[in-house]
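Engineer: Structure provided below as C-alpha cells; questions to follow.
Readers should treat all values here as calculations from the given coordinates under stated rules, not as data from a laboratory. None of these values were measured; they are calculated from a predicted model. Every residue, glycine as well, gets a Cβ built from its backbone with ideal geometry; the counts of neighbours run over all protein chains shown.
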Amino acid sequence: MIKCIPMRYFIKIYGCAMNTADAEKIAGWYDQRGWKPAKNIEEADEIVIVTCSVRQTAEDRVYGFVNNLLKLKVQNSKCKVTVGSSKLKKPKIILTGSMMRYPLKWLKDKMPDVDEFKKISEYPSSYSCPSVFSKALVSIMEGCNNFCSYCVVPYARGQEVSRTFNEIVCEVRELAERGCKEIVLLGQNVNSYGKTNVQCKMYNVQFKTPFALLLSVLHEIKGIEKISFLTSNPWDLDDEIIEAMGLPKIDRYLHLPVQSGDDEILHKMNRHYTA
C-alpha cells in the first residue's frame with residue numbers, strides 16, 4: 001500500500017512586519033494547495049525566502065543563507081516507496097520579497113542555485129492563512145512616494161497604492177469572526193493611506209482624513225479589542241489621526257521615525273520637515 005505524505009514548505013523571513021504579512025499570505029497559498037508547514041528546513045520540499053533590501057546587511061544575510069542551503073540534502077519522502085536505495089535531493093529554493101527589485105539576470109548571476117525568483121505580486125492576494133489568530137497583520141497600503149535620499153522602499157515596493165476601504169473592513173470583520181482579537185495595520189506609511197484610489201465617502205463619520213476614518217470604522221467591529229499600526233511618517237500625522245488614536249481600542253504606541261533632530265541633515269535626507 002502506498003502512503004502519500006504531504007509536500008512541505010518552509011518560509012524564511014527577513015525584514016519588517018510587511019514581510020511577515022507577505023509570508024502569511026504565501027503560507028495561506030501553500031495551505032490551500034494541501035501543503036503542510038515543515039517543522040524545520042531539513043524536511044522541506046520547498047524553501048521560500050522572503051527578502052529585505054532596505055539595508056545591505058539584510059541582503060548579505062540572504063546570500064549567506066542561500067549558500068548554507070547548498071549543503072542541505074533532504075530525504076525525498078513524498079511517498080513511502082522504496083526503489084533501490086533511498087535518494088537524496090535538494091529542496092526547491094524560491095526567492096521573493098524586496099530583492100526582486102534587482103534585474104532578474106543579476107539575481108541569477110548572484111545566486112545561481114536559487115531555483116525560482118518570484119515577485120510577491122505573483123502570489124494571489126486572496127489567500128490568507130486559515131488558522132485562527134488572536135493577533136493578525138493586515139496590510140492596508142504598500143509603497144512610498146517620498147523618495148528619501150537614503151531609502152530603497154520606493155524602488156523595492158513601488159509608489160503608494162492603498163487597498164480599497166471596503167476590502168480592508170471586510171477582511172477585519174472576517175478575522176473577528178474567526179476569533180481574532182487584535183489587528184496590526186501595516187504600510188510603509190500608513191498615515192498617507194487613502195490619498196490614492198480609495199473611495200470611502202459612504203461611511204458617515206466625523207473624520208475626513210482617510211486613515212483616521214479607517215481607524216474609526218475598524219474600531220466599531222465587534223470582537224476586535226485592540227488596533228495598532230506602523231509605520232508612520234511625521235509629516236502625514238495630522239490632528240484627525242491623533243484624535244482617532246483617542247478611541248478606546250486604538251493602541252497608544254506610536255512608531256514615528258523622525259530620523260534626525262538636525263535641519264541640515266533632514267534636508268540632505270530629503271525629509272520635508274524641520275526639527
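Engineer: Rounded if a/c is under 1.5, else prolate if a/b beats b/c, else oblate: with a ≥ b ≥ c from the C-alpha gyration tensor eigenvalues square-rooted, which is the range 221-261?
Structural biologist: Details: a/c = 3.13, a/b = 2.02, b/c = 1.55.
Verdict is prolate for the range 221-261.
Engineer: Follow-up. What ranking do 264-270, 16-22 get when scored by the average of other Cβ atoms within 10 Å per residue, highest first?
Structural biologist: Numbers: 264-270: 13.6, 16-22: 19.7.
Top to bottom by mean Cβ count within 10 Å: 16-22, 264-270.
Engineer: Output the antiparallel fraction of DSSP beta bridges having both residues in the chain, as a percent to the nearest 5. Walk me through the intermediate numbers first.
Structural biologist: Details: 5 of 31 bridges.
In the chain, DSSP labels about 15 percent of beta bridges as antiparallel.
Engineer: Of the listed peptides 225-232, 250-257, 28-35, 213-220, what is their order by residue-averaged count of other C-beta atoms within 10 Å, with the highest listed first?
Structural biologist: Details: 225-232: 18.4, 250-257: 11.9, 28-35: 15.8, 213-220: 20.4.
Answer by packing, highest mean first, reads 213-220, 225-232, 28-35, 250-257.
Engineer: Under 1.5 on a/c is rounded, so check that first for the range 148-275, then, if it is not, pick prolate when a/b is larger than b/c and oblate when it is not; a ≥ b ≥ c are the square roots of the alpha carbon gyration tensor eigenvalues.
Structural biologist: Numbers: a/c = 1.99, a/b = 1.79, b/c = 1.11.
Because a/c hits 1.5 or more and a/b exceeds b/c, the range 148-275 counts as prolate.
Engineer: If a/c stays under 1.5 just call it rounded; otherwise compare a/b with b/c (prolate if a/b is bigger, oblate if not). Do that for the chain, with a ≥ b ≥ c from the square roots of the Cα gyration tensor eigenvalues. Intermediate results must be reported in sequence, preceding the final value.
Structural biologist: Numbers: a/c = 2.81, a/b = 1.52, b/c = 1.85.
Judged from the Cα gyration tensor, the chain comes out oblate (a/c at least 1.5, b/c at or above a/b).
Engineer: Now for a separate question. Once you list every other residue whose beta carbon is under 15 Å from the beta carbon of ILE94, what net charge do they have if Lys and Arg are +1 and Asp and Glu are -1? Mind showing how you got there, number by number?
Structural biologist: Working: positive: ARG8, LYS12, LYS25, ARG33, LYS90, LYS92, LYS108, LYS118, LYS119; negative: ASP22, ASP45, GLU46, ASP113, ASP115, GLU116, GLU122.
Once all neighbours under 15 Å are counted, the net charge is +2.
Engineer: Okay, next question. Assigning unit charges at the beta carbon (Lys, Arg +1; Asp, Glu -1) and nothing else, what dipole magnitude in debye, to the nearest 20, does the chain show about its Cα centre? Can you show the working numbers first?
Structural biologist: Numbers: 38 positive and 32 negative charges, 312 e Å.
Here the chain has a charge dipole of around 1500 debye.
Engineer: In addition: Among TYR14, ILE242, TYR253, which residue has its Cα furthest toward the positive end of the charge dipole of the chain, with +1 on Lys/Arg Cβ and -1 on Asp/Glu Cβ?
Structural biologist: Of the candidates, TYR14 comes out farthest on the positive side.
Engineer: Measuring from centroid to centroid over Cα atoms, what is the spacing of the range 1-31 and the range 211-249 in Å?
Structural biologist: Result: 30 Å between the Cα centres.
Engineer: Which helices, taking whole DSSP H runs in the chain, have alpha carbons extending 15 angstrom or more along the helix axis plus mean Kyte-Doolittle at least 0.0?
Structural biologist: Working: long enough: 17-31 (21 Å, -0.51); 56-69 (20 Å, -0.54); 165-177 (18 Å, 0.14).
TM-like helix candidates: 165-177.
Engineer: Further, regarding this structure: Dipole of the chain (Lys/Arg Cβ +1, Asp/Glu Cβ -1, origin at the Cα centre): which of LEU104, VAL217, ILE168 lies farthest to the positive side?
Structural biologist: Towards the positive end, the residue furthest out is LEU104.
Engineer: Which net charge results when you count Lys and Arg as +1 and Asp and Glu as -1 among the other residues whose beta-carbon is under 11 Å from that of VAL190?
Structural biologist: Working: positive: none; negative: GLU142, GLU160, ASP236.
Charge balance near VAL190 sits at -3.
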